[in-house]
Each structure stands twice: as structure tokens, then as C-alpha cells.
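Working notes for the structure below.
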Amino acid sequence: SMGSFHEFEDRGMVGALAGKLEAGALQLFCVSTVDTETFYASMLHPRDRVERYLQYERYLIGEVMPFVTQQNGSRTAGVTGCSFGAYHALCFGFRHPDQVHRLIGMSGLYDIKQMTGGYSDNNVYACNPFDFMQHEYDPVRLEAFRRQDIILAIGRDDPSCANNQELSGILWGKGIGNALRIWDGWAHDWPYWETMIRLYVGGHD
């Protein structure tokens with residue numbers, strides 16, 4: 001939540017993946033968020049917050065993803081994030097399944113209406129995985145989702161645990177496989193996320 005591009009490294013997440021990074025098996029690109037201008041900008045109407053969020057997404061699509069492709073030649077990427085970063089990762093991955101092959105959400109909330117006071121419009125709907133995945137019927141997009149590798153990791157005592165369970169069920173209801181991993185306790189802090197990223201990406205190296 002409200003993270004900068006260097007927080008992943010500052011909090012030990014890059015170090016947790018050092019083995020794969022140093023071996024050249026993994027590249028990591030970290031981006032800052034605009035949370036304080038979007039969903040955390042409580043002084044703005046939710047409509048304006050989401051319009052700014054969509055501007056941010058256009059930056060990711062128009063600048064970040066082409067840069068990633070230029071650096072490694074890959075046409076797809078994996079995305080991950082912690083807490084509200086997990087929302088960013090899954091929202092982006094579900095909105096652009098042609099560009100994202102793996103999604104790992106750690107301690108995320110995926111019903112964004114909880115951040116808009118229940119308000120919704122076309123743009124809020126389009127940025128709310130909990131809503132738009134329920135009503136996705138396009139066979140081409142559904143097939144793209146089914147090719148994705150999706151992991152939802154959440155603590156049993158995390159307030160968002162039920163939301164993760166519901167989203168997992170929504171995906172399975174569409175024939176979209178996913179791994180729901182419920183951890184003991186709260187599990188909503190950097191030491192837990194370091195263990196998660198090491199397990200789900202680093203392969204215990």
C-alpha cells in the first residue's frame with residue numbers, strides 16, 4: 001500500500017530471490033504505485049480516483065511492458081505484489097491476460113468497492129477483479145485466463161481471507177484453475193511475504 005519502487009528491495013524481497021536473479025533465471029522489475037492519487041485519495045470522488053488509476057495503467061501498458069520486452073525479449077511476464085500491491089498485480093494480470101502468464105497475490109484484497117465506499121461505475125467495475133471476473137463470458141479471454149498460473153496466498157486471520165476464498169471460487173466456477181494457499185495466522189507482513197515469494201517464485205533457493 002502506497003509503496004515506492006525500492007520498497008521490495010528494502011524489505012528483503014529481492015534478496016529472497018537472489019539465487020534465481022544471479023543465475024539469470026529471473027528478471028525483476030519494480031514499479032511505484034500512485035495509491036495516494038487513486039484509491040487512498042479519500043478527498044477525491046471514487047470516479048476521479050479510478051480515472052487516475054486508468055492513467056497509471058496506460059503507463060504500465062505503454063511504457064513498462066514494452067521496456068520489459070525490450071530487456072528480455074519475452075512477450076509475457078509474471079506479476080506479483082503484497083497487500084494492496086497484490087490488487088495491482090491481479091487487476092493488471094486479469095485485464096491483460098495476453099501479456100501476463102503468472103499472477104501471485106500475497107495478502108490481497110480484490111473487491112475494490114471496499115475502497116470506494118461501495119460506489120461503482122463502468123470504470124470501477126473494469127478495475128474490480130471481483131466483479132468483472134464473475135461476469136466474464138468471452139471464450140477467448142476465458143481460455144487466456146485458463147492458461148495463466150494463478151496463486152492466491154492469504155493468512156487465515158487476515159480480514160481479506162474470505163474475499164480470496166470467494167475469488168478463488170469464482171475462478172474455479174469459470175474453469176480457471178488457481179491455487180488458494182491459506183496460511184496460519186495473520187500472515188500479513190514482510191517476513192511472511194518474503195517466505196511466500198521464496199516458496200512460490202524462488203523454489204527454496
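Some notes on this structure:
- Shape of the range 47-135, Cα gyration tensor, a/c cut at 1.5: prolate
- Stokes-Einstein translational diffusion, the range 136-205 - Kirkwood Rh over all Cα pairs, 0.890 mPa s, 25 °C, in µm²/s: 185 µm²/s
- The solvent-accessible area of Thr80, taken with every protein chain present and a 1.4 Å probe, is close to 50 Å².
- Of the three principal axes defined by the Cα atoms of the range 87-131, the extents in descending order read 31, 23, 12 Å.
- Just so you know, the averaged projected area of the alpha carbon convex hull for the range 1-102 sits at 6.7 nm².
- Overall form of the range 65-184: rounded. Here a/c, set by the Cα gyration tensor axes a ≥ b ≥ c, is under 1.5.
- Relative contact order of the chain, defined on C-alpha pairs under 8 angstrom at six or more residues apart (%): 20 percent
- Using alpha carbons only: equivalent-ellipsoid semi-axes of the range 57-97, gyration tensor based, whole Å: 19, 11, 9
- Span-like helix ranges in the chain, DSSP H, alpha carbon extent 30 angstrom or more, Kyte mean at least -1.0: none
- Inverting the pair-averaged 1/r between distinct Cα atoms of the chain gives 17.4 Å as its Kirkwood hydrodynamic radius.
- Most mobile of Met43, Met115, Met13 in a GNM of the chain (Cα contacts under 10 Å): Met43
- What the range 48-159 shows is 45 Å² of accessible area per residue, with the surface traced by a 1.4 Å probe over protein heavy atoms.
- Apportionment of accessible area to carbon and sulfur, the chain, percent (1.4 Å): 51 percent
- Kirkwood's formula applied to the C-alpha pairs of the range 100-157 gives a hydrodynamic radius of 13.0 angstrom.
The values are calculated or read from the model by the stated rules, or taken from the named source; none is laboratory data. The model shown is predicted, which means the values in this text are computed figures rather than measured ones. Surface areas here come from the heavy atoms of the whole protein model, side chains and all, with no ligands, DNA or RNA. Shrake-Rupley method; radii C 1.70, N 1.55, O 1.52, S 1.80 Å.
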